[in-house]
Amino acid sequence: MTDTARPPVDDWATDFDHTTSEYAQNAPEIWADLRSRCPVAHSERFGGTWLPVRHEDVVAVARDTEHFSSEGVIVNDYKPVDLAPIGYAPPITSDPPFHQAARRLLLPAFAPKEIDRWEETARATCRELLDELLADGRDVVDAAVEYTQHIPVRVIADMLGVPREDGDKFRTFIHRIIEAPGSAEQEQIAYEDTLDHYLTQVVEARRAAPREEPQDLVDHLLAADLDGQPLSDDHITGTIGLLIIAGIDTTWSAIGASLWHLAQHPDDRRRLVEDPDVMVFAIEELLRAYAPVTMARIVAEDTEIGGCPVNARDWVLLPFPAANLDPEVFEDPHEVVIDRQRNRHLAFGVGIHRCIGSNLARMELRVGLEEWLRRIPDFELAVDDPEQVRWSAGQVRGPRELPVRILATVPHSTTEVR
Amino acid sequence: MRITLDSEACQGHGRCYTLAPDLFDSDDEGYAVLKVDGEVPAGMEEQARLAADNCPEFAITVED
C-alpha cells in the first residue's frame, strides 16, 4: 500500500494524506478536528492539495465550474495535461459546455424508470449470493467479500453487456486506480492487464459484431452521436471505464458500511425488519452517515475557498462525507437516526456532476439490505472491536472486510417475493 | 401553501419525486417535474415540506 512510500502525517491541518490507513480508519474524527481548527486544510503532498470540510465550502467548490476544473477527479502525483474540456472519462472529467452533451447521452439510461427495470435482476443476484453464503451453515461470514462486493459488479456487467466473470478484473482495476493511485505497484503492470486494454478489447469485439438495435450501454454508446458525429473511441472507452470504476466499489462500500452499522445496532435492524416503510429514510440516512465518495477538482485559476487563497493547478478534495457530518446543517450529525426526515445530504455530490448512477446505487443499496435482512434478520460483528474492520483508503470509503456472526436466518423457501 | 421548482437548479437527485410522488414526477432524464400548478392541494403540505427540505440543490421552495 501507499503508506510505506510516504512519510507519516504529523498534522492533519497542514500535512494531510487521504491515502493513508490512518485516514481510512479515522476519517470522521479527522474531519471533526479540522472543522474546529481550520475549515480548509492544506497539504504539500501530491503537488499541493486542499481539503475543505464544511458543507458550505464543499457545495461552493462543486458549483463553481469556472474556477474548479473536473479534468482531474482522483488526486495523485500526476495531473492530467491538456485534456479539458472532455477529459479521460467523460462526463465526470468534462467541463462545461462539453459536459452537458456528454451527460445527456447517459441520463435516460439512468433515469428512475429505466433503473426500475433492473430491480428484479439485482434482487435475484442478492438471493443467489445469500444462498451461496448460507449453504454450508457457517455462523461467521464476510459480508463484504462474500456479498456486497458482488452485487454492483454483476449489475453493471449486465448493463454493459459484458460477462459477469469479468468482475474479478473490475475489482483489480478499481483497486489500482482508486486505492493505490500513482504507486510503484502500477508501473510493473503489463498493458494486457490494464483497464485501458480491457476497454479497447470490449469495443473492438462489439464493432466486429455490431447489432442492429442497441441492447446494452456499450451498443448505445457505439450508436450515439454528438452534433451529428459518432463518439470518438476515446470517449466511448472513457465512459465505459467510468461506469465500471464509479459504479462498483462506491455502491459496494455503501452497502457494506450500512451492514457494518446494522451489525452494531439491533434496534435499527429490528425497525427495518418490522417497519419496511422506514427504508426510504433509512437509505438516505445511511448514505449521509457513511457516504463513500470524495471527488476532486483542479483549481483552474487562482481563487479562494472559504476565504482561503488557492493557486491554479492545485488539487482540491471534495469530501462529500465530511460535508454530511457538518453540525451547521445536520442536527446530531454523528448520530445515525434511521428515520431522519430532514436530510439534505451530499452523498451523490452536488451541482452539474451529481452522480449519474444515484438511482441505480439507491436501488442496489435498498435491495441489498432488504434481501439480506429477509434472510438474515439478526447478525452482529464477529470482531471484538469495530475498529478491527479494515476500511478502504483513498477517495472511496467503505469496509473491505466485514466479518459478521449470523444470529438468525429465515429459510429461502418461506421468503416472499414483493 | 405555494410550491415552486427551480428547474435550472435541479440536477436530478430525485429526492422530491420519491418523497412527494403526488407533487413531483421524473422526466425521461431524471429531472424533476412539478405536477401541480403552484398551489399545494390540502393534505399534501407535509410532502411539500419534505421535498423542499431534502433537495441537495435548494431547488424547491414552499411558502405558507
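Here are a few things to note about the model shown:
- With respect to the stated conditions, residue A:49 is in contact with a strand residue (DSSP E or B) (Cβ under 9 Å, 6 or more places away or on another chain), within 30 Å of residue A:243 (Cβ to Cβ), modelled with pLDDT of 95 or more and not small (Gly, Ala, Ser).
- Checking B:46, B:63 one by one, the residue that is touching a strand residue (DSSP E or B) at 6+ places or on another chain (Cβ under 7 Å) and open to solvent by 70 Å² or more (accessible area, probe 1.4 Å) is B:63 and no other.
- Flag if residue A:198 is closer than 30 Å to residue A:368 by Cα, aromatic (Phe, Trp, Tyr) and either modelled with pLDDT under 95 or surrounded by 14 or more Cβ atoms within 10 Å (Cβ to Cβ) (or both): yes
- Search result, residues across region A:22-81 that are surrounded by 15 or more Cβ atoms within 10 Å (Cβ to Cβ), charged (D, E, K, R) and within 14 Å of residue A:313 (Cα to Cα): A:45, A:71, A:79
- Options B:36, B:40: the member that is open to solvent by less than 50 Å² (accessible area, probe 1.4 Å), away from every other protein chain (no Cβ under 14 Å) and in contact with a helix residue (DSSP H, G or I) (Cβ under 6 Å, 6 or more places away or on another chain): B:40
- In region A:321-353, the residues that are of a type in the set (Phe, Trp, Tyr) and at the interface with another protein chain (Cβ under 10 Å from one of its Cβ atoms): A:348
- Helices (runs of 4 or more DSSP H) wholly inside region A:105-160 containing at least 1 residues that are in contact with a Phe, Trp or Tyr (Cβ under 8 Å, 6 or more places away or on another chain) and surrounded by fewer than 16 Cβ atoms within 10 Å (Cβ to Cβ): none
- Cross-chain or 6+ apart pairs with Cβ under 8 Å, region A:164-178 first and polar (S, T, N, Q), then part of a helix (DSSP H, G or I) and open to solvent by 10 Å² or more (accessible area, probe 1.4 Å): A:172/A:193
- Residues that are away from every other protein chain (no Cβ under 11 Å), touching a strand residue (DSSP E or B) at 6+ places or on another chain (Cβ under 6 Å) and of a type outside the set (A, V, I, L, M, F, W, C), drawn from region B:1-27: B:2, B:4
- Long-range neighbours under 7 Å by Cβ, at least six apart or interchain, first residue within 27 Å of residue A:262 (Cα to Cα) within region A:337-356, second β-branched (Val, Ile, Thr) and assigned to a loop (DSSP other than H, G, I, E, B): A:344/A:329
- Residues of region B:49-58 satisfying the condition of being within 11 Å of chain A (Cβ to nearest Cβ) and open to solvent by less than 80 Å² (accessible area, probe 1.4 Å): B:50, B:52, B:53, B:54, B:55, B:56, B:57
- Residues of region A:294-334 satisfying the condition of being β-branched (Val, Ile, Thr) and closer than 24 Å to residue A:36 by Cβ: A:294, A:305, A:310, A:316, A:329
- Any chance residue B:45 is charged (D, E, K, R) and within 12 Å of chain A (Cβ to nearest Cβ): no
- Among residues of region A:83-104 being open to solvent by 30 Å² or more (accessible area, probe 1.4 Å) and closer than 18 Å to residue A:314 by Cβ, the one that is modelled with the lowest pLDDT is A:84.
- Tally, over region A:274-294, of residues that are more than 14 Å from chain B (Cβ to nearest Cβ) and not aromatic (Phe, Trp, Tyr): 7
The values are calculated or read from the model by the stated rules, or taken from the named source; none is laboratory data. Since the structure is predicted, the reported quantities are computational estimates derived from the model, not experimental observations. Backbone-built Cβ (ideal geometry, glycine too); neighbour counts: all protein chains shown. Just so you know, the surface numbers come from the protein's heavy atoms only, side chains and all, with ligands and any DNA or RNA stripped out. Shrake-Rupley method; radii C 1.70, N 1.55, O 1.52, S 1.80 Å.
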